[in-house]
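The structure under discussion appears below in the form of C-alpha coordinates.
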Amino acid sequence: MSTTWHILGAGSLGTLWATRLARAGLPVRLIVRDTARLQAYQAAGGLTLVEQGQAQCYPVPAETLANDAPIERLLVACKAYDAEAAVAQLAHRLAPAAELILLQNGLGSQDAVAARVPQARCIFASSTEGAFRDGDWRVVFAGHGYTWLGDSSHPVAPIWLDDLEAAGIPHAWSVDILTRLWRKLALNCAINPLTVLHDCRNGGLQQHQCEVATLCSELALLLEHCGQPAAAQDLQQEVERVILATAANYSSMYQDVANQRRTEISYLLGHACEVAARHQLVLPHLNQLQQRLMAHLRTRGLPSD
Ligand code: NAP
(Lines give C-alpha, C1' and ligand atoms only; values in the text may rest on other atoms or scores of the structure.)
Protein backbone atom coordinates (compact mmCIF):
# COMPACT_ATOMS: atom_id res chain seq x y z
CA MET A 1 0.00 0.00 0.00
CA SER A 2 1.44 3.38 -1.04
CA THR A 3 1.95 6.13 1.49
CA THR A 4 -0.79 8.77 1.45
CA TRP A 5 0.03 12.15 -0.07
CA HIS A 6 -1.33 14.81 2.28
CA ILE A 7 -1.71 18.08 0.41
CA LEU A 8 -1.65 21.27 2.50
CA GLY A 9 -3.17 24.11 0.49
CA ALA A 10 -5.91 23.52 -2.08
CA GLY A 11 -4.78 26.39 -4.30
CA SER A 12 -3.26 26.36 -7.78
CA LEU A 13 -0.25 24.10 -7.32
CA GLY A 14 -1.82 22.00 -4.55
CA THR A 15 -4.76 21.17 -6.82
CA LEU A 16 -2.48 20.54 -9.82
CA TRP A 17 -0.56 17.95 -7.80
CA ALA A 18 -3.53 16.45 -5.93
CA THR A 19 -5.58 15.82 -9.07
CA ARG A 20 -2.76 14.21 -11.05
CA LEU A 21 -1.74 11.97 -8.14
CA ALA A 22 -5.38 10.96 -7.57
CA ARG A 23 -5.88 10.30 -11.29
CA ALA A 24 -2.96 7.84 -11.15
CA GLY A 25 -4.82 5.93 -8.40
CA LEU A 26 -2.49 7.07 -5.61
CA PRO A 27 -3.87 7.81 -2.13
CA VAL A 28 -4.30 11.57 -1.64
CA ARG A 29 -5.88 13.62 1.16
CA LEU A 30 -6.45 17.33 1.04
CA ILE A 31 -5.99 19.46 4.18
CA VAL A 32 -8.09 22.62 4.37
CA ARG A 33 -8.12 25.39 6.98
CA ASP A 34 -11.31 24.74 8.92
CA THR A 35 -14.77 23.20 9.00
CA ALA A 36 -16.31 25.99 6.91
CA ARG A 37 -13.78 25.36 4.09
CA LEU A 38 -14.30 21.60 4.42
CA GLN A 39 -18.06 22.01 4.05
CA ALA A 40 -17.59 24.28 1.02
CA TYR A 41 -15.27 21.68 -0.51
CA GLN A 42 -17.68 18.83 0.14
CA ALA A 43 -20.50 20.83 -1.43
CA ALA A 44 -18.35 21.31 -4.56
CA GLY A 45 -17.84 17.53 -4.73
CA GLY A 46 -14.11 17.58 -5.40
CA LEU A 47 -11.24 19.37 -7.09
CA THR A 48 -11.61 20.35 -10.72
CA LEU A 49 -8.63 20.45 -13.06
CA VAL A 50 -9.05 22.20 -16.41
CA GLU A 51 -6.62 20.99 -19.07
CA GLN A 52 -6.79 22.12 -22.70
CA GLY A 53 -10.28 23.44 -22.07
CA GLN A 54 -11.55 20.13 -20.60
CA ALA A 55 -12.69 20.17 -16.97
CA GLN A 56 -12.49 17.01 -14.89
CA CYS A 57 -13.57 16.71 -11.25
CA TYR A 58 -11.65 14.47 -8.84
CA PRO A 59 -13.37 13.66 -5.52
CA VAL A 60 -10.18 13.75 -3.44
CA PRO A 61 -11.00 13.08 0.25
CA ALA A 62 -10.39 16.05 2.53
CA GLU A 63 -9.94 16.87 6.20
CA THR A 64 -9.23 19.97 8.29
CA LEU A 65 -6.01 20.96 10.04
CA ALA A 66 -7.68 19.80 13.26
CA ASN A 67 -7.78 16.12 12.23
CA ASP A 68 -5.29 14.10 14.27
CA ALA A 69 -4.37 11.18 12.01
CA PRO A 70 -0.58 10.85 11.52
CA ILE A 71 1.04 12.26 8.39
CA GLU A 72 3.98 10.56 6.70
CA ARG A 73 4.21 12.62 3.52
CA LEU A 74 3.13 16.24 3.24
CA LEU A 75 3.13 18.41 0.16
CA VAL A 76 3.19 22.02 1.36
CA ALA A 77 1.43 24.05 -1.33
CA CYS A 78 0.73 27.32 0.52
CA LYS A 79 2.23 30.67 -0.38
CA ALA A 80 5.66 31.32 1.13
CA TYR A 81 4.20 33.71 3.75
CA ASP A 82 1.68 31.09 4.99
CA ALA A 83 3.87 27.96 4.94
CA GLU A 84 5.52 28.14 8.37
CA ALA A 85 2.32 28.89 10.30
CA ALA A 86 0.35 26.24 8.41
CA VAL A 87 2.98 23.54 9.00
CA ALA A 88 3.27 24.54 12.68
CA GLN A 89 -0.41 23.63 13.10
CA LEU A 90 0.32 20.11 11.81
CA ALA A 91 3.73 19.52 13.43
CA HIS A 92 2.31 17.24 16.14
CA ARG A 93 0.78 14.96 13.49
CA LEU A 94 4.04 14.25 11.66
CA ALA A 95 5.24 10.64 11.89
CA PRO A 96 8.86 10.12 13.08
CA ALA A 97 10.27 9.71 9.54
CA ALA A 98 7.88 12.18 7.89
CA GLU A 99 8.83 13.89 4.65
CA LEU A 100 7.72 17.36 3.57
CA ILE A 101 7.90 18.62 0.01
CA LEU A 102 8.06 22.42 -0.05
CA LEU A 103 6.76 24.01 -3.25
CA GLN A 104 7.28 27.65 -2.23
CA ASN A 105 8.88 30.14 -4.57
CA GLY A 106 11.85 32.19 -3.37
CA LEU A 107 13.93 31.41 -0.30
CA GLY A 108 13.55 31.82 3.43
CA SER A 109 10.25 30.04 3.98
CA GLN A 110 11.84 26.60 3.51
CA ASP A 111 14.34 27.13 6.34
CA ALA A 112 11.60 28.54 8.56
CA VAL A 113 9.48 25.42 7.97
CA ALA A 114 12.43 23.06 8.48
CA ALA A 115 13.25 24.73 11.82
CA ARG A 116 9.64 24.13 12.96
CA VAL A 117 9.82 20.39 12.23
CA PRO A 118 13.42 19.30 12.93
CA GLN A 119 12.32 15.65 13.10
CA ALA A 120 11.15 15.64 9.46
CA ARG A 121 13.02 15.50 6.16
CA CYS A 122 12.32 18.65 4.15
CA ILE A 123 12.67 18.42 0.39
CA PHE A 124 12.81 21.71 -1.50
CA ALA A 125 11.18 22.08 -4.90
CA SER A 126 11.46 24.55 -7.74
CA SER A 127 8.77 24.39 -10.39
CA THR A 128 8.24 25.95 -13.79
CA GLU A 129 4.71 24.54 -14.09
CA GLY A 130 1.98 27.16 -14.23
CA ALA A 131 -1.58 27.03 -12.89
CA PHE A 132 -4.21 29.49 -11.74
CA ARG A 133 -7.56 29.32 -9.99
CA ASP A 134 -10.61 30.26 -12.04
CA GLY A 135 -13.01 29.47 -9.21
CA ASP A 136 -13.10 27.91 -5.77
CA TRP A 137 -11.66 24.34 -5.92
CA ARG A 138 -11.04 24.78 -9.64
CA VAL A 139 -7.66 25.18 -11.30
CA VAL A 140 -6.52 25.74 -14.88
CA PHE A 141 -3.29 24.01 -15.93
CA ALA A 142 -1.81 26.96 -17.83
CA GLY A 143 1.78 26.09 -18.51
CA HIS A 144 3.57 22.78 -18.81
CA GLY A 145 6.92 22.75 -17.08
CA TYR A 146 9.25 20.85 -14.85
CA THR A 147 9.75 20.43 -11.12
CA TRP A 148 13.20 19.97 -9.60
CA LEU A 149 13.36 18.45 -6.15
CA GLY A 150 16.32 18.19 -3.83
CA ASP A 151 17.62 18.00 -0.29
CA SER A 152 20.94 19.76 0.23
CA SER A 153 21.63 17.86 3.46
CA HIS A 154 20.89 14.38 2.09
CA PRO A 155 21.56 13.76 -1.60
CA VAL A 156 19.77 10.40 -1.93
CA ALA A 157 16.53 10.61 -3.92
CA PRO A 158 13.35 9.41 -2.18
CA ILE A 159 11.58 6.29 -3.43
CA TRP A 160 8.31 8.15 -4.00
CA LEU A 161 9.65 9.84 -7.14
CA ASP A 162 8.04 6.76 -8.73
CA ASP A 163 4.64 8.20 -7.72
CA LEU A 164 5.43 11.39 -9.65
CA GLU A 165 6.39 9.28 -12.65
CA ALA A 166 3.10 7.37 -12.41
CA ALA A 167 1.17 10.63 -12.09
CA GLY A 168 2.87 12.18 -15.14
CA ILE A 169 4.41 15.02 -13.12
CA PRO A 170 7.60 15.94 -15.00
CA HIS A 171 10.39 16.09 -12.45
CA ALA A 172 14.05 15.52 -11.75
CA TRP A 173 16.07 15.00 -8.57
CA SER A 174 18.55 17.82 -8.20
CA VAL A 175 21.71 17.69 -6.11
CA ASP A 176 22.04 21.47 -6.39
CA ILE A 177 18.50 22.54 -5.53
CA LEU A 178 19.72 25.62 -3.62
CA THR A 179 21.58 26.83 -6.71
CA ARG A 180 18.38 26.41 -8.73
CA LEU A 181 16.31 28.28 -6.15
CA TRP A 182 18.87 31.11 -5.94
CA ARG A 183 19.04 31.40 -9.74
CA LYS A 184 15.26 31.59 -10.00
CA LEU A 185 15.18 34.14 -7.16
CA ALA A 186 17.78 36.29 -8.95
CA LEU A 187 15.82 36.17 -12.23
CA ASN A 188 12.70 37.13 -10.34
CA CYS A 189 14.45 40.06 -8.57
CA ALA A 190 15.79 41.41 -11.86
CA ILE A 191 12.43 41.28 -13.66
CA ASN A 192 9.31 41.17 -11.48
CA PRO A 193 9.69 44.31 -9.29
CA LEU A 194 10.53 46.45 -12.34
CA THR A 195 7.44 45.25 -14.21
CA VAL A 196 5.36 46.45 -11.24
CA LEU A 197 7.15 49.80 -10.93
CA HIS A 198 7.14 50.51 -14.68
CA ASP A 199 3.62 49.08 -15.06
CA CYS A 200 4.58 46.90 -18.02
CA ARG A 201 4.72 43.41 -19.45
CA ASN A 202 8.08 41.60 -19.21
CA GLY A 203 8.94 42.80 -22.73
CA GLY A 204 8.55 46.43 -21.59
CA LEU A 205 11.85 46.04 -19.70
CA GLN A 206 13.67 46.23 -23.04
CA GLN A 207 13.22 50.01 -22.57
CA HIS A 208 15.07 49.79 -19.23
CA GLN A 209 18.15 47.79 -20.16
CA CYS A 210 20.58 49.86 -18.05
CA GLU A 211 18.50 49.44 -14.92
CA VAL A 212 18.22 45.68 -15.54
CA ALA A 213 21.98 45.37 -16.16
CA THR A 214 22.84 47.24 -12.94
CA LEU A 215 20.56 44.96 -10.92
CA CYS A 216 22.06 41.87 -12.56
CA SER A 217 25.59 42.88 -11.60
CA GLU A 218 24.55 43.47 -7.98
CA LEU A 219 22.65 40.17 -7.90
CA ALA A 220 25.65 38.30 -9.35
CA LEU A 221 27.86 39.82 -6.65
CA LEU A 222 25.39 38.66 -4.00
CA LEU A 223 25.27 35.12 -5.40
CA GLU A 224 29.07 34.91 -5.40
CA HIS A 225 29.22 36.16 -1.80
CA CYS A 226 26.70 33.67 -0.53
CA GLY A 227 28.40 30.61 -1.94
CA GLN A 228 26.35 30.33 -5.15
CA PRO A 229 28.81 31.23 -7.95
CA ALA A 230 27.15 28.81 -10.37
CA ALA A 231 23.85 30.70 -9.98
CA ALA A 232 25.68 33.93 -10.90
CA GLN A 233 27.03 32.68 -14.22
CA ASP A 234 25.76 34.63 -17.24
CA LEU A 235 22.89 35.98 -15.17
CA GLN A 236 22.40 39.11 -17.26
CA GLN A 237 22.28 37.13 -20.52
CA GLU A 238 19.65 34.81 -19.09
CA VAL A 239 17.59 37.70 -17.74
CA GLU A 240 17.65 39.33 -21.18
CA ARG A 241 16.70 36.00 -22.79
CA VAL A 242 13.75 35.57 -20.39
CA ILE A 243 12.59 39.15 -21.02
CA LEU A 244 12.49 38.43 -24.76
CA ALA A 245 11.01 34.93 -24.51
CA THR A 246 8.22 36.11 -22.17
CA ALA A 247 7.81 39.60 -23.64
CA ALA A 248 4.02 39.32 -23.90
CA ASN A 249 3.54 38.03 -20.34
CA TYR A 250 2.77 39.87 -17.14
CA SER A 251 5.05 38.70 -14.31
CA SER A 252 3.52 36.85 -11.35
CA MET A 253 4.24 39.84 -9.09
CA TYR A 254 2.59 42.19 -11.58
CA GLN A 255 -0.50 39.96 -11.59
CA ASP A 256 -0.58 39.76 -7.79
CA VAL A 257 -0.49 43.56 -7.49
CA ALA A 258 -3.01 44.09 -10.31
CA ASN A 259 -5.40 41.67 -8.54
CA GLN A 260 -4.85 43.27 -5.11
CA ARG A 261 -3.20 40.08 -3.80
CA ARG A 262 -0.35 39.95 -1.33
CA THR A 263 3.03 39.39 -3.03
CA GLU A 264 5.85 37.09 -1.92
CA ILE A 265 8.32 40.03 -1.87
CA SER A 266 9.86 39.04 1.50
CA TYR A 267 10.98 35.70 0.07
CA LEU A 268 12.33 37.18 -3.18
CA LEU A 269 13.75 40.73 -3.23
CA GLY A 270 13.42 40.97 0.57
CA HIS A 271 15.41 37.78 1.06
CA ALA A 272 18.13 38.98 -1.34
CA CYS A 273 18.49 42.29 0.55
CA GLU A 274 18.47 40.53 3.92
CA VAL A 275 21.24 38.09 2.89
CA ALA A 276 23.29 40.97 1.41
CA ALA A 277 23.03 42.86 4.72
CA ARG A 278 24.07 39.72 6.62
CA HIS A 279 27.18 39.56 4.42
CA GLN A 280 27.75 43.34 4.89
CA LEU A 281 27.52 43.68 1.16
CA VAL A 282 26.46 47.10 -0.09
CA LEU A 283 24.03 46.76 -3.01
CA PRO A 284 22.52 50.25 -3.39
CA HIS A 285 20.34 49.61 -6.45
CA LEU A 286 18.85 46.42 -5.06
CA ASN A 287 18.07 48.16 -1.75
CA GLN A 288 16.57 51.12 -3.55
CA LEU A 289 14.44 48.76 -5.64
CA GLN A 290 13.14 47.13 -2.46
CA GLN A 291 12.29 50.55 -0.93
CA ARG A 292 10.51 51.68 -4.11
CA LEU A 293 8.54 48.44 -4.35
CA MET A 294 7.52 48.51 -0.69
CA ALA A 295 6.36 52.14 -1.03
CA HIS A 296 4.40 51.20 -4.17
CA LEU A 297 2.70 48.28 -2.40
CA ARG A 298 1.75 50.54 0.52
CA THR A 299 0.19 53.12 -1.81
CA ARG A 300 -1.88 50.29 -3.30
CA GLY A 301 -3.01 49.26 0.20
CA LEU A 302 -1.11 45.96 -0.02
CA PRO A 303 1.18 44.44 2.64
CA SER A 304 4.79 45.49 2.01
CA ASP A 305 6.19 42.25 3.48
P1 NAP B 1 -2.53 29.70 -4.06
O2 NAP B 1 -3.28 29.37 -5.29
O3 NAP B 1 -2.79 31.01 -3.37
O4 NAP B 1 -2.78 28.51 -3.02
C5 NAP B 1 -2.33 28.54 -1.69
C6 NAP B 1 -3.30 27.72 -0.88
O7 NAP B 1 -2.80 27.59 0.46
C8 NAP B 1 -4.70 28.35 -0.77
O9 NAP B 1 -5.64 27.39 -1.16
C10 NAP B 1 -4.82 28.67 0.71
O11 NAP B 1 -6.12 28.50 1.21
C12 NAP B 1 -3.92 27.61 1.31
N13 NAP B 1 -3.55 27.88 2.69
C14 NAP B 1 -2.86 28.94 3.18
N15 NAP B 1 -2.74 28.83 4.51
C16 NAP B 1 -3.35 27.66 4.87
C17 NAP B 1 -3.57 26.99 6.10
N18 NAP B 1 -3.13 27.49 7.25
N19 NAP B 1 -4.24 25.81 6.07
C20 NAP B 1 -4.71 25.30 4.93
N21 NAP B 1 -4.54 25.88 3.71
C22 NAP B 1 -3.87 27.06 3.71
O23 NAP B 1 -0.95 29.62 -4.31
P24 NAP B 1 -0.15 28.90 -5.51
O25 NAP B 1 -0.23 29.76 -6.71
O26 NAP B 1 -0.55 27.47 -5.60
O27 NAP B 1 1.34 29.03 -4.95
C28 NAP B 1 1.87 28.19 -3.95
C29 NAP B 1 3.40 28.37 -4.00
O30 NAP B 1 3.87 27.82 -5.25
C31 NAP B 1 3.85 29.84 -3.99
O32 NAP B 1 5.04 29.99 -3.27
C33 NAP B 1 4.08 30.14 -5.46
O34 NAP B 1 5.03 31.18 -5.68
C35 NAP B 1 4.63 28.81 -5.95
N36 NAP B 1 4.44 28.59 -7.40
C37 NAP B 1 3.22 28.76 -7.97
C38 NAP B 1 3.06 28.53 -9.33
C39 NAP B 1 1.72 28.69 -10.01
O40 NAP B 1 1.66 28.59 -11.25
N41 NAP B 1 0.63 28.92 -9.32
C42 NAP B 1 4.17 28.13 -10.10
C43 NAP B 1 5.41 27.96 -9.48
C44 NAP B 1 5.53 28.20 -8.12
P45 NAP B 1 -7.33 29.51 0.89
O46 NAP B 1 -7.79 29.12 -0.46
O47 NAP B 1 -8.30 29.16 1.95
O48 NAP B 1 -6.76 30.90 0.98
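The values are calculated or read from the model by the stated rules, or taken from the named source; none is laboratory data. Everything quoted here is computed from the prediction, not taken from an experiment. Glycine gets a Cβ as well: all are built from the backbone with ideal geometry, and neighbour counts include every protein chain shown. Keep in mind that these areas ignore ligands, DNA and RNA; they rest on the heavy atoms of the full protein, side chains included. Shrake-Rupley method; radii C 1.70, N 1.55, O 1.52, S 1.80 Å.
Run ASP305 past the list (1) free of Cβ contacts under 8 Å to residues at least 60 places away in the same chain; (2) under 22 Å from LEU197 (Cα atoms); (3) part of a loop (DSSP other than H, G, I, E, B) and report the number of the one that doesn't hold.
(1)
Output the number of residues of segment 125-146 satisfying the condition of being in contact with an Asp or Glu (Cβ under 7 Å, 6 or more places away or on another chain) and in contact (Cβ under 8 Å) with a residue 40 or more places away in the chain.
Matching residues across segment 125-146 total 2.
Is there a residue in segment 104-121 that is near the ligand (Cβ under 9 Å from one of its atoms) and farther than 23 Å from ASN188 by Cβ?
no
Could you please let me know if GLU224 is in a helix (DSSP H, G or I) and either touching an Asp or Glu at 6+ places or on another chain (Cβ under 7 Å) or open to solvent by 60 Å² or more (accessible area, probe 1.4 Å) (or both)?
In short, yes.
(1) in contact with a strand residue (DSSP E or B) (Cβ under 6 Å, 6 or more places away or on another chain); (2) in a helix (DSSP H, G or I): which one isn't true of HIS92, the others all being true?
Of everything listed in (1) in contact with a strand residue (DSSP E or B) (Cβ under 6 Å, 6 or more places away or on another chain); (2) in a helix (DSSP H, G or I), HIS92 misses just condition (1).
Looking at PRO59, PRO70, PRO27, which is the one that is crowded, with 16+ Cβ neighbours inside 10 Å, more than 12 Å from the ligand (Cβ to nearest atom) and assigned by TED's automatic domain parsing to the domain that holds THR128?
Only one candidate passes the filter, namely PRO27.
Checking ALA190 against (1) crowded, with 19+ Cβ neighbours inside 10 Å; (2) touching a residue at least 60 places away in the same chain (Cβ under 8 Å), which single condition isn't satisfied?
(2)
Given segment 128-212, what strands (runs of 3 or more DSSP E) lie entirely inside it while holding 3 or more residues that are within 30 Å of ALA97 (Cβ to Cβ)?
147-150, 171-173
Any residue in segment 46-67 that is farther than 16 Å from GLY168 by Cα and in a helix (DSSP H, G or I)?
Scanning segment 46-67 turns up no residue that is farther than 16 Å from GLY168 by Cα and in a helix (DSSP H, G or I).
Cβ-Cβ below 6 Å, separation at least six or inter-chain, first residue in segment 102-124 and closer than 14 Å to HIS154 by Cβ, second in a loop (DSSP other than H, G, I, E, B): which pairs?
Filtered contacts from segment 102-124: ILE123/ASP151.
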